[in-house]
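The values are calculated or read from the model by the stated rules, or taken from the named source; none is laboratory data. Just so we're clear, the structure is a prediction, and the values are computed from it rather than from any experiment. Every residue, glycine as well, gets a Cβ built from its backbone with ideal geometry; the counts of neighbours run over all protein chains shown.
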Amino acid sequence: MKPVGIVKIGSSNTGLLIAASLSQPILRVNHLVDLKTPANWPELADVLASYRVRCQESQVASGLVAGGEIFRRHREIRQLVLDQGWPLWEVSGKLEGQLTWFAVRSRDPAVDVVIDVGGGSTEIIYQSDAVSIPIGAANVTGEVDWPVIANGQRAALVGGTAYVLSRLAGTATMDPKQLAKAIDQVLEGSSSSVWRSLEVPRQKLVIGGAKILKSLLKNYQFSQFSVSPWGYTEGLWMAASLGRARPLW
């Protein structure tokens, strides 16, 4: 299979994945770009231009660009992508959740629920539904309106906040008490080297994500949490490799 290029644009993080196989990616790069502020949108254009160069260097002929909540809210950002010649896929919040579900479950079929805390939205996905909540790590405003689902299940966490919490806990599989302890470390100001190694903008996002996950712990009684290295981006790659990709040139 020829390599496919995927660009995922989030509220605070934009990334490029180039892979002919998800098990052996050719390239992964990420850039912090705060798209909540329109003054930063030209920075996104520069990042996308650099990604086109990376795709040319890796001889990528096809791919797609998709995004999250910020992408859905602002037509100007979508137009910026089109102006640069990228093939655009407008993904709904529900479909974003479904793509994340497929990616996570392809690695761990035993997972019952997937929670993806992004910058602009949070997706909670289970077998019968996918719900997108317009509150994310970069815009924690008020209480999260969690859907009603069964307790006692295995949940997979996706996103940068989950990754940092797993590093603070020292394990990618946590029970509720371990997750709560890692969340408290973040919210109370951790002194660990893991936390100090993060740039301040990244720390702010993790704090926002930790607040959302603290709310989740109050609402559900899941038996176990695992942190999945795959999520929305990998789900986009799967869709692209099955025919959703479009020519880049």
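Note on segment 91-105: residues that are exposed (fewer than 14 other Cβ atoms within 10 Å of the Cβ) and at pLDDT 95 or above amount to 0. In segment 1-27, the qualifying residues are those that are within 23 Å of residue 136 (Cα to Cα) and at pLDDT 95 or above, and the one that is surrounded by the most Cβ atoms within 10 Å (Cβ to Cβ) is 6.
Determine, yes or no, whether residue 50 is over 27 Å from residue 135 (Cβ atoms), of a type in the set (S, T, N, Q) and under 19 Å from the mean Cα position of the chain (by Cα). For residue 50, the condition - over 27 Å from residue 135 (Cβ atoms), of a type in the set (S, T, N, Q) and under 19 Å from the mean Cα position of the chain (by Cα) - is not met.
Suppose we keep only residues that are buried (at least 18 other Cβ atoms within 10 Å of the Cβ) and within 16 Å of residue 120 (Cα to Cα) within segment 62-76. Which one would you say is modelled with the highest pLDDT? Filtering segment 62-76 for residues that are buried (at least 18 other Cβ atoms within 10 Å of the Cβ) and within 16 Å of residue 120 (Cα to Cα), the one modelled with the highest pLDDT comes out as 66. Scanning segment 235-249 for residues that are of a type in the set (A, V, I, L, M) and part of a helix (DSSP H, G or I) yields 236, 238, 239, 240, 242.
All conditions in (1) crowded, with 23+ Cβ neighbours inside 10 Å; (2) polar (S, T, N, Q); (3) at positive phi hold for residue 59, with the sole exception of (1). Quick one: how many residues across segment 132-162 are charged (D, E, K, R) and either touching a residue at least 60 places away in the same chain (Cβ under 8 Å) or in contact with a Cys (Cβ under 6 Å, 6 or more places away or on another chain) (or both)? So the count comes out to 2. When the residues of segment 64-111 are filtered to those that are assigned to a helix (DSSP H, G or I) and hydroxyl-bearing (Ser, Thr, Tyr), the one that is nearest to residue 136 (Cα to Cα) is 100.
Based on this model, can you work out whether residue 95 counts as of a type in the set (A, V, I, L, M) and under 23 Å from residue 242 (Cβ atoms)? Against the criterion (of a type in the set (A, V, I, L, M) and under 23 Å from residue 242 (Cβ atoms)), residue 95 qualifies. Among residues of segment 84-106 that are more than 26 Å from residue 55 (Cα to Cα), those with a beta-carbon under 9 Å from a residue that is of a type in the set (Asp, Glu) and surrounded by fewer than 21 Cβ atoms within 10 Å (Cβ to Cβ) at least six positions away or on a different chain give the pairs 94/129; 97/129. The condition (being at pLDDT 95 or above, surrounded by fewer than 21 Cβ atoms within 10 Å (Cβ to Cβ) and of a type outside the set (Gly, Ala, Ser)) is satisfied by just one residue among 183, 207: 207.
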